[in-house]
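The values are calculated or read from the model by the stated rules, or taken from the named source; none is laboratory data. As the structure is a prediction and not an experimental result, all values here were calculated from the model. Note that we place each Cβ from the backbone using ideal geometry, even for glycine, and neighbour counts take in every protein chain shown. Just the protein is used for accessible areas: all its heavy atoms, side chains included, with ligands, DNA and RNA removed. Shrake-Rupley method; radii C 1.70, N 1.55, O 1.52, S 1.80 Å.
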Amino acid sequence: IKRTGRNGVRRFDAALDAELERTVLLTREFQFALAREQLTLVFQPIYHLETGEMGKVEALLRWTHPEFGMVSPAVFIPIAESSGQIMPVGRWVLERACVQARCWREDYGWAGTVTVNVSSVQFAQPGFVDEVKAALLLSGLPAHKLELELTEGAVMQDPALVQAALRGLRRLGVEITIDDFGTGYSSLAYLRDLPIGCVKIDRSFIEDIASPRRAPQYAVALITAIVGIARTLDLQVVAEGVETAGQLEAVRSFGCDFGQGYYFARPLDAASLTELLDRGQPE
Ligand code: C2E
Ligand code: CA
Ligand code: CA
Ligand code: CA
């Protein structure tokens, strides 16, 4: 060990301790988040690129802590997963999203689909299909207007369990999307073998299209390949994280069906999205 090593190790330990402490604190606080009404949903429009219609809306979870302010889902979702809180919270998200979508459908004649992110931990629990069924019954939302976003990791778990859950969901009439597509290391065979209706190309690839630094050829080749496979298997393709007119132009020319991103709209609270639907209504 070098002489500076001890200092280095100590500084490293201190940083690690601080991070651990914060995780412990957030884990404790997140336990109360649902009961204390600190959780809300925001909704990001997803547009059909040909018709311009808001064909889908993605429900995204937000945690506003009275002291820490907004905590990113990238931080609290893993915490919720390891503490088990993802179960009640995931159920709440599902119910809220379905109730909200049913309201937009009834009151504003919106014909679109609401998409809900499902953690692999939540998906792997035995009662998951029944939870989805309950949310549909409670809300009165038609099953085909609900789409669940699963990551490649979630569908690469125990194959028998995954097959059973996906078939159960399909029997209900619920659609399945593979989220963050292209970022995992999984085989593509599952696209053919499992009842999947849609793939969502990860934002990182959309970002690379117009980036002079990172190889755009790779992103272009990958997106072209994904669209090609999707066409063959009759899957929809959503491009996520469209931020510029150039990126929109590109994903349109590659043949993606839907676009989502700041170029169209940021995630909006329910009232703002309602306004957007209201304005879109013919008089
Ligand atoms: P995701 O499912 O990939 O969601 C897309 C993320 O990209 C969202 O971040 C969204 O706000 C952001 N985004 C959308 N368009 C753009 C864009 O044009 N540019 C950029 N830079 N970002 C864009 P958010 O809301 O912070 O969520 C982060 C992740 O947290 C989500 O990634 C998802 O994995 C997870 N998450 C969010 N809500 C839930 C939930 O209810 N349940 C579960 N299990 N996970 C959730
Ligand atoms: Ca998602
Ligand atoms: Ca995504
Ligand atoms: Ca993503």
Exactly one of D193, D257 is more than 19 Å from the chain's Cα centre (by Cα) and within 25 Å of V174 (Cα to Cα), and that one is D193
Step by step: first the residues of the range 35-55, then only those that are among the β-branched types (V, I, T) and either under 15 Å from V238 (Cβ atoms) or crowded, with 20+ Cβ neighbours inside 10 Å (or both), then the one that is farthest from ligand 4 (Cβ to nearest atom). Which residue is that? T51
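Conditions (1) open to solvent by 10 Å² or more (accessible area, probe 1.4 Å); (2) in a helix (DSSP H, G or I); (3) without any contact (Cβ under 8 Å) to a residue 12 or more places away in the chain, marked per residue:
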{"residue": "M87", "(1), (2), (3)": "yes, yes, no"}
{"residue": "G90", "(1), (2), (3)": "no, yes, no"}
{"residue": "L94", "(1), (2), (3)": "no, yes, no"}
{"residue": "C98", "(1), (2), (3)": "no, yes, no"}
{"residue": "W104", "(1), (2), (3)": "no, yes, no"}
{"residue": "V114", "(1), (2), (3)": "no, no, no"}
{"residue": "Q122", "(1), (2), (3)": "no, yes, no"}
{"residue": "P126", "(1), (2), (3)": "yes, no, yes"}
Taking the range 212-221 and keeping only residues that are under 19 Å from F258 (Cβ atoms) and either touching a helix residue (DSSP H, G or I) at 6+ places or on another chain (Cβ under 6 Å) or open to solvent by 60 Å² or more (accessible area, probe 1.4 Å) (or both), one is left with A219
Single residue of the range 163-190 satisfying the filter (surrounded by 17 or more Cβ atoms within 10 Å (Cβ to Cβ) and within 16 Å of ligand 4 (Cβ to nearest atom)) that is modelled with the lowest pLDDT: G182
Answer yes if at least one residue in the range 129-141 is buried (at least 20 other Cβ atoms within 10 Å of the Cβ) and in contact with a strand residue (DSSP E or B) (Cβ under 6 Å, 6 or more places away or on another chain), and no otherwise. no
Kindly provide the set of residues from the range 59-85 that are part of a strand (DSSP E or B), within 16 Å of ligand 2 (Cβ to nearest atom) and open to solvent by less than 10 Å² (accessible area, probe 1.4 Å), ordered by number. A59
Every residue in the range 138-173 that is over 29 Å from A111 (Cα atoms) and either in contact with a His (Cβ under 7 Å, 6 or more places away or on another chain) or part of a loop (DSSP other than H, G, I, E, B) (or both), please. M156, Q157, D158
For the range 244-268 the number of residues that are touching a Lys or Arg at 6+ places or on another chain (Cβ under 9 Å) and either open to solvent by 60 Å² or more (accessible area, probe 1.4 Å) or away from ligand 1 (no atom under 16 Å from the Cβ) (or both) is 1
